[in-house]
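What follows is one structure encoded as structure tokens, with my remarks underneath.
Every read-out reported here was derived from the displayed coordinates using simple, explicitly stated rules and does not represent laboratory data. What you are looking at is a predicted structure, and each value in this text was computed from that prediction instead of being measured. Cβ atoms come from the backbone with ideal geometry, glycine included; neighbour counts cover every protein chain shown.
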């Protein structure tokens with residue numbers, strides 16, 4: 001059975017994978033770039049293997065050792081990408097713990113690494129698309145301009161999500177250290193992110209409309 005799902009937060013992704021496992025399905029392969037998950041029916045009604053996700057940039061030699069540690073701990077690697085730094089593991093033995101992180105700091109580090117990666121990708125996509133608009137003749141083709149505006153908007157959205165992941169990483173660390181957040185910080189951050197994303201979307205759509213009107217006027 002193949003499922004199509006897209007996730008921005010690995011914690012929500014793992015929760016969904018746990019639900020699939022509870023319903024009797026084992027994750028066998030995944031292509032996170034396209035949101036494709038392939039499951040097999042679990043013949044064992046007692047052992048319901050969990051799936052976990054990690055983000056880690058590794059050299060070839062370090063990657064082999066990294067995967068071997070998980071294997072010895074009862075986790076099977078079903079997907080590993082050096083391009084996106086994503087690694088998916090499924091419990092292969094009942095002795096494996098339910099989590100791949102030994103402590104809260106390691107759990108927070110995952111979001112820190114994901115945030116850094118997202119910020120880098122977001123900045124790159126945004127800058128490249130904005131600079132490409134400075135090329136002479138860039139505004140002569142509406143279709144090309146629309147694509148550039150959309151790509152720039154996606155780049156900004158990825159950048160904002162990276163900032164959110166860094167914030168979430170710090171939030172987890174503060175919670176572990178017993179640092180209490182103020183009501184305003186706790187309640188207002190998510191709405192602010194939502195407003196930023198809405199503003200970006202409106203800006204992109206305004207750019208598209210402006211480009212179409214300009215093309216028609218010419």
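Counting other Cβ atoms within 10 Å as a rough exposure proxy, the listed residues 75, 16 run 16, 75 from fewest neighbours to most. Placing dummy labels 7 Å off each Cα toward the beta-carbon, the span from residue 59 to residue 6 is 3.6 nm.
By other beta-carbon atoms within 10 Å, ranking 110, 173 with the fewest at the front produces 173, 110. Between residue 95 and residue 31, the simple label model (points 7 Å from Cα in the Cβ direction) yields a spacing of 3.6 nm.
If the chain linking residue 131 and residue 71 were pulled fully straight, counting 0.36 nm for each residue of separation and taking away their Cα-Cα distance, it would gain 17.1 nm.
Residues of the range 98-118 with an amide N closer than 19 Å to a point placed 7 Å from the Cα of residue 170 along the Cα-to-Cβ direction: 105-118. Can you tell me the FRET efficiency between residue 45 and residue 105 if r is taken as the Cβ-Cβ distance and R0 is 35 Å, rounded to the nearest 0.05? Once rounded, the FRET efficiency stands at 0.45. Rounded, prolate or oblate for the range 2-91? Axes are the square roots of the Cα gyration tensor eigenvalues, ordered a ≥ b ≥ c, and the cut-off for rounded is a/c under 1.5. Here the range 2-91 falls in the oblate category.
When a footprinting reagent is the concern and you count Cβ atoms within 10 Å, what order do 168, 5, 59 take, fewest first?
Values: 168 19, 5 14, 59 10.
In order of increasing Cβ crowding within 10 Å: 59, 5, 168.
Would you work out if the range 76-134 is rounded, prolate or oblate? Take a ≥ b ≥ c from the square roots of the eigenvalues of the alpha-carbon gyration tensor; rounded if a/c is under 1.5, else prolate when a/b is larger than b/c, oblate otherwise.
Numbers: a/c = 6.66, a/b = 2.37, b/c = 2.81.
It is oblate, given that a/c is not under 1.5 and a/b is not larger than b/c.
For the range 6-56 versus the range 78-134, the spacing of their alpha-carbon centroids is 16 Å.
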